[in-house]
1. Tell me, how many Å apart are the Cα centres for segment 64-104 and for segment 19-48?
2. Return the loop-located trypsin sites (Lys or Arg not before Pro) in segment 24-70 (DSSP other than H, G, I, E, B) with at most 13 other Cβ atoms within 10 Å of their own Cβ; answer none if there are none.
3. In the calculated pair distance distribution of the chain, what percentage of Cα-Cα distances lie above 16 Å?
4. In terms of solvent-accessible area of protein heavy atoms at a 1.4 angstrom probe, what is the ranking of GLU60, GLU86, highest value first?
5. Can you give the accessible area of VAL102, probe radius 1.4 Å, in Å² rounded to 10?
6. Hey, any idea what % of the chain's accessible area is carbon plus sulfur with a 1.4 Å probe?
7. For the full complex of protein chains and a 1.4 angstrom probe, list LEU7, LEU51, LEU94 by accessible area with the highest value first.
8. Label GLN88 and TRP61 with points 7 Å out from Cα along Cα→Cβ: what is the distance between them in nm?
Amino acid sequence: MPAFPVLVQPAGLRFDAEAGTSVLLAAQAAGIKLPSSCRNGTCRACMCLMLEGAVTYRIEWPGLSRDEKEEGWILPCVAQAESALEIQAPQAALIEAAPPAVARPLTGARR
């Protein structure tokens with residue numbers, strides 16, 4: 001399957017989105033966190049502006065008005081890249097690795 005490069009502004013983060021995979025899942029697989037909540041196109045928490053490129057949706061009617069679509073707004077949780085993309089997502093950030101768990105000695109005591 002083809003993969004399309006995605007540039008996330010203003011952070012300048014980059015990742016590839018495979019055809020058939022949502023932009024949100026592709027970002028997460030690349031270690032980039034985009035805002036999200038419902039992951040089905042209704043809450044609009046992930047809504048961002050597409051500056052360049054083209055997407056299709058895996059659902060018939062994502063939670064965007066016709067005017068919002070015409071202005072370039074997309075929902076990455078249900079949008080699939082059809083070309084190289086440039087999106088504006090000010091809250092995008094690298095996913096931080098969780099700190100290692102601290103080992104506690106076993107004492108046999110109950111709490």
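1. Rounded to whole Å, the Cα centres lie 5 Å apart.
2. Values: sites: LYS33, ARG39, ARG44, ARG58, ARG66, LYS69; in loops: ARG39, ARG44, ARG58.
Counting only loop positions with at most 13 other Cβ atoms within 10 Å, none of the trypsin sites (Lys or Arg not before Pro) in segment 24-70 qualifies.
3. 59 percent
4. Accessible-area ranking of GLU60, GLU86, largest first: GLU60, GLU86.
5. Only protein atoms counted, so the area is about 130 Å².
6. Numbers: 3760 of 7210 Å².
Answer for the chain is 52 percent, counting heavy atoms of protein chains only.
7. Details: LEU7 30, LEU51 80, LEU94 110 Å².
The ordering from most to least exposed comes out as LEU94, LEU51, LEU7.
8. If labels sit at GLN88 and TRP61, their model points lie 2.8 nm apart.
The values are calculated or read from the model by the stated rules, or taken from the named source; none is laboratory data. Quantities reported herein were computed from a predicted structural model and do not represent experimental measurements. Cβ coordinates were reconstructed from backbone atoms using ideal geometry, including for glycine residues, and neighbour counts include every protein chain displayed. Please note that ligands, DNA and RNA were not included when accessible areas were found on the heavy atoms of the full protein model with its side chains. Shrake-Rupley method; radii C 1.70, N 1.55, O 1.52, S 1.80 Å.
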